[in-house]
Amino acid sequence: MAIRMTRQITRRDFSVLAGGLLVSTRAVAQMQTPLLTREILSSGERIPAVGLGTAYVFDQDDGATRSKADAVLQALVKNGGRLIDTASTYGDAESVLGEVTAASGLRDKLFIATKLESPDARELKRSLTRLKIASVDLLQLHNVRSRQQSLERFREWKKQGLCRYVGITSTFHRDYRAVEAVLEREKPDFVQIDCSLDNRGAEKAILPLAADIGAGVLTALPYGNGRLFKAVHGKELPDWARVFANSWGQFFLKYLLADSRITAVIPGTGDPGHMTDNAGAMRGQLPDPDQRRRMVEFADSL
Ligand SMILES: NC(=O)c1ccc[n+]([C@@H]2O[C@H](COP(=O)([O-])OP(=O)(O)OC[C@H]3O[C@@H](n4cnc5c(N)ncnc54)[C@H](OP(=O)(O)O)[C@@H]3O)[C@@H](O)[C@H]2O)c1
C-alpha cells in the first residue's frame, strides 16, 4: 500500500494530502485560475463553458435517480457550471431535473436547455410542467432532418417569454445538409452538434457556418458517448498534456474548448466525481494550436 501510494504521488507531480484526500497540486492550482465562460453571440450574455448532458443518466424517476441527479447538479454548480441539457425524449430526465431543482432551490443558478421533437405547444407545456418552470433558457428543435423545418413557433414562444433562446440539434451526419439549410435560413441562437476529438466532421461542416450567422455552439457527445475513454483505457495521460489537463476527461474537453467557435461542451454523467472532473476543464490553460494538432495525431493513432 505504502509503495503504491509513493508511486502515485510521484506520478501525480507533487501530490498533497489535504483533509485525508489525495489532491494533485496541479488540480489545486487549476481550481484557483479563472473560470472559462463564453459569450452567447446573439445576446452578449456569458455562460460557463462546461455543462451537463442528461441523456441516459436520469431516465427513471425514482429516489435513487433523484439523489444521483441532486449530487451531480450540486457538483456542477459548486464548480462554477450552470448549463444543463435535457430533452422531452430522455425518459424521465425532465421530471427528475424538475424535482431536484425545485427541492434544492438551484433553478436561478442554472441555464436549462431542453429539446422538443416538433413545434408542438402540448409538448412544450409537458416539458415546462415536468421541469417545474415557467420558461426554459434554451428551447431546441431536436434532430433536424429536413431543410424545410421552421423555427417560427419557437420564435413566437421566445417573444412570449417561454424561452430566452432558440436552437436546433443533430448528431446525424447524414442530416448535416438539412442542419446547414435550417441554420442559414432560421439563424437560431444556438446549434447543438456532435463533436469530439475522434469525431471532427462538424469542425468543417457546421462550426464555420455557426460562426458566420452568430450562433452559439453546444457540442453533444464530447466523449463520443464514452468511446474516447475506452480508447485510452489503461493508458497514462502523456506528459506533454499535463500542462493543460489533469485527466483524460479534461484532455478531451479542452480539445473542444480550445476552439473559440464552441460556446460550451455538454458531457453526460451520472457521477458527481466525473462532473467535478469535467468542470475542471473550465480552469487553467487551453491547448495551443500545436498541442491541439498533437492531440489529433494522438487520437488518430489510437
Ligand atoms: N441529437 C441530440 O441533440 C443529442 C444526441 C446525443 C447527445 N446529446 C446531448 O449530449 C450529451 C452528451 O452525450 P452523451 O451523454 O451521450 O455522451 P458523452 O458525453 O460523449 O459521454 C458520456 C459518457 O462518458 C462518461 N463520462 C462522463 N464524464 C466522465 C469523466 N470525467 N471520466 C470518465 N467518464 C466520464 C459517462 O459515464 P458516467 O455517467 O459514469 O460519468 C458516459 O458513459 C447528452 O447527455 C445529451 O444532452 C444530444
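Values in this text are rule-based calculations from the coordinates and carry no lab data. Only a predicted model underlies this, so the values are computations on that prediction, with no experimental measurement involved. Cβ: placed from backbone, ideal geometry, glycine included. Neighbour counts: every protein chain shown.
Could you pull out the residue among A211, A264 that is small (G, A, S) and surrounded by 18 or more Cβ atoms within 10 Å (Cβ to Cβ)?
Values: A211 fails: surrounded by 18 or more Cβ atoms within 10 Å (Cβ to Cβ).
That would be A264, the only listed residue that is small (G, A, S) and surrounded by 18 or more Cβ atoms within 10 Å (Cβ to Cβ).
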Failed item in (1) closer than 22 Å to V50 by Cβ; (2) within 16 Å of the ligand (Cβ to nearest atom), with A211 passing the rest: (2)
Failed item in (1) over 20 Å from S127 (Cβ atoms); (2) surrounded by fewer than 20 Cβ atoms within 10 Å (Cβ to Cβ); (3) among the small types (G, A, S), with S88 passing the rest: (1)
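For every residue, the table says whether it meets (1) more than 25 Å from S150 (Cβ to Cβ); (2) surrounded by 15 or more Cβ atoms within 10 Å (Cβ to Cβ).
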site: R185; (1), (2): no, no
site: P188; (1), (2): no, yes
site: V191; (1), (2): no, yes
site: D198; (1), (2): yes, yes
site: G201; (1), (2): yes, no
site: G216; (1), (2): no, yes
site: A220; (1), (2): no, yes
site: Y223; (1), (2): yes, yes
site: R227; (1), (2): yes, no
Any hit, the range 28-45, residues being in a loop (DSSP other than H, G, I, E, B), surrounded by fewer than 14 Cβ atoms within 10 Å (Cβ to Cβ) and among the hydroxyl-bearing types (S, T, Y): yes
Near pairs, Cβ below 6 angstrom, 6+ apart or cross-chain, from the range 85-101 (of a type outside the set (A, V, I, L, M)) to any residue that is away from the ligand (no atom under 12 Å from the Cβ) and assigned to a loop (DSSP other than H, G, I, E, B): D92/Q60; D92/D61; S95/D61; G98/K132
Yes/no for K204 being more than 10 Å from the ligand (Cβ to nearest atom) and closer than 30 Å to S43 by Cα: yes
Condition check for R46: basic (K, R) and within 15 Å of the ligand (Cβ to nearest atom): no
Contacts under 7 angstrom Cβ, first residue in the range 174-201 being within 22 Å of A113 (Cα to Cα), partner away from the ligand (no atom under 14 Å from the Cβ) and among the acidic types (D, E), 6 or more apart: C195/E203
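Filter the range 77-126 down to residues that are assigned to a loop (DSSP other than H, G, I, E, B) and of a type in the set (A, V, I, L, M) and give me whichever is nearest to the ligand (Cβ to nearest atom).
For the range 77-126, the residue satisfying everything is A87.
For the range 227-251, how many residues are without any contact (Cβ under 8 Å) to a residue 24 or more places away in the chain, outside any loop (DSSP other than H, G, I, E, B) and within 11 Å of the ligand (Cβ to nearest atom)?
3
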